[in-house]
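Remarks on the structure that follows.
The values are calculated or read from the model by the stated rules, or taken from the named source; none is laboratory data. Values in this document were obtained by computation on a predicted structure and should not be read as measured data. Counting neighbours? That spans all protein chains shown, and the Cβs are built from the backbone with ideal geometry, glycine included.
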Amino acid sequence: MINNNIFDQAKDLAEKIRRDLALGSSPIKNIFSWLEDQGVFVVRMPIEGNSLSGAFYHDKNKKTSQILINTNRTEGHQVCTAAHEFCHYLLDKEDQFIVEHDSQEKSPKEQRADAFAVNFLLPENGLRFYIQSILRKTKKLDDDDLVRIRNEFGTSWSATIYRLHNLGYIFDKGLKSKLEEICFLNSMAIQFGFEPETSMSGTIYEFSSNFYRLAFVAYFKRKISFNRLSDLLRRSQENTKELITKIENIHE
């Protein structure tokens, strides 16, 4: 159970960051590119096993920060992890390296980062506006509403359901029973033409555009070899050649 003081601190911080960055209470549609705009390198790659969600690293000498996200988790889970690690970027740079494991016992810093992620991604004002003004609902939400809300805000099913429950919204079933209906809610999402929340297991590597830019600059300045470039991008040599050709054609 999260300490109320920790939750309130995280909530205040999330609201402050949204105000300072003029985000209002609207959904953040692509938090990965948004983080890059804030100067944070984001690397998304598969990590064996499901116990690790992500990690945060800050290089004090270079004054750069990186976030690692496990693509073996669902897209919604990755979004929540990104916001969680962003909290560490804001408050915990002195720790330099923080790994987020799924566990029963979480430290106060991990609890704070979880609470920040929920408030940052699912701001109370934004949720209430969407539910009242768009869905025309009050306290009672049906499954159609849940599907639309999760699609709008892009978080995981569990984060969405927990957040709505904690804000006083009610479903056709209790919290525990509703959390067990994710497969059914996914099928409904597909019927609505939305993306379901499914596992993204596989060799998926996604780097920030800054990472790609620096890698190609290093290659064209002959600071790294073609083979090294291919290794850095986690791509086949054939695919790397195609990317080089495209860049060369752009600059002709």
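Among the residues of region 184-195, are any of a type in the set (Val, Ile, Thr) and outside any helix (DSSP H, G or I)?
Scanning region 184-195, I find no residue that is of a type in the set (Val, Ile, Thr) and outside any helix (DSSP H, G or I), so the answer is no.
So the check is Cβ under 8 Å with 6+ separation or different chains; which pairs have a first residue in region 56-79 that's basic (Lys, Arg) and a second one that's surrounded by 19 or more Cβ atoms within 10 Å (Cβ to Cβ)?
ARG73/SER53; ARG73/THR81
Before we move on, is SER25 of a type outside the set (D, E, K, R) and surrounded by fewer than 19 Cβ atoms within 10 Å (Cβ to Cβ)?
yes
Does region 148-170 hold any residues that are in a helix (DSSP H, G or I) and closer than 16 Å to VAL79 by Cα, and which are they?
ILE149, ARG150, ASN151, GLU152, PHE153, TRP157, SER158, ALA159, THR160, ILE161, TYR162, ARG163, listed by residue number.
Looking at region 186-194, is at least one residue surrounded by fewer than 15 Cβ atoms within 10 Å (Cβ to Cβ) and at pLDDT below 75?
Among the residues of region 186-194, not one is surrounded by fewer than 15 Cβ atoms within 10 Å (Cβ to Cβ) and at pLDDT below 75, which makes the answer no.
So which of ILE67, ILE28 ends up being part of a loop (DSSP other than H, G, I, E, B), under 16 Å from the mean Cα position of the chain (by Cα) and either modelled with pLDDT of 90 or more or polar (S, T, N, Q) (or both)?
Among ILE67, ILE28, only ILE28 is part of a loop (DSSP other than H, G, I, E, B), under 16 Å from the mean Cα position of the chain (by Cα) and either modelled with pLDDT of 90 or more or polar (S, T, N, Q) (or both).
Any chance you could count how many residues in region 133-147 are surrounded by 17 or more Cβ atoms within 10 Å (Cβ to Cβ), of a type in the set (A, V, I, L, M, F, W, C) and in a helix (DSSP H, G or I)?
Residues in region 133-147 being surrounded by 17 or more Cβ atoms within 10 Å (Cβ to Cβ), of a type in the set (A, V, I, L, M, F, W, C) and in a helix (DSSP H, G or I): 2 in total.
Based on this model, can you work out whether TYR130 counts as in contact (Cβ under 8 Å) with a residue 40 or more places away in the chain, in a helix (DSSP H, G or I) and hydroxyl-bearing (Ser, Thr, Tyr)? It would help to see each step written out before you state the result.
Working: in contact (Cβ under 8 Å) with a residue 40 or more places away in the chain: no; in a helix (DSSP H, G or I): yes; hydroxyl-bearing (Ser, Thr, Tyr): yes.
No.
Exactly one condition in (1) at pLDDT 95 or above; (2) surrounded by 18 or more Cβ atoms within 10 Å (Cβ to Cβ); (3) under 20 Å from GLN111 (Cβ atoms) is not met by ASP12; state its number.
The failed condition is (2).
Restricting attention to region 123-132, does a residue exist that is among the small types (Gly, Ala, Ser) and in contact with a Ser or Thr (Cβ under 7 Å, 6 or more places away or on another chain)?
The answer is yes; a qualifying residue exists.
Which of the following residues is in the same structural domain as ASN70 (by TED's automatic domain parsing) and of a type in the set (Asp, Glu): GLU152, GLU105? Walk me through how you get there before you give the answer.
Numbers: GLU152 fails: in the same structural domain as ASN70 (by TED's automatic domain parsing).
Of the residues listed, the single one that is in the same structural domain as ASN70 (by TED's automatic domain parsing) and of a type in the set (Asp, Glu) is GLU105.
For (1) among the charged types (D, E, K, R); (2) under 25 Å from the mean Cα position of the chain (by Cα); (3) at pLDDT 95 or above, each residue gets a yes or a no:
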residue: GLU152; (1), (2), (3): yes, yes, yes
residue: THR155; (1), (2), (3): no, yes, yes
residue: TYR162; (1), (2), (3): no, yes, yes
residue: GLU206; (1), (2), (3): yes, yes, no
residue: PHE220; (1), (2), (3): no, no, no
residue: LYS246; (1), (2), (3): yes, no, no
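Determine the pairs where a residue that is within 14 Å of PHE216 (Cα to Cα) and not assigned by TED's automatic domain parsing to the domain that holds ARG44, located within region 234-252, has a partner that is at pLDDT 75 or above and charged (D, E, K, R) with Cβ atoms under 8 Å apart, the partner being 6 or more residues away or on another chain.
LEU243/ARG235
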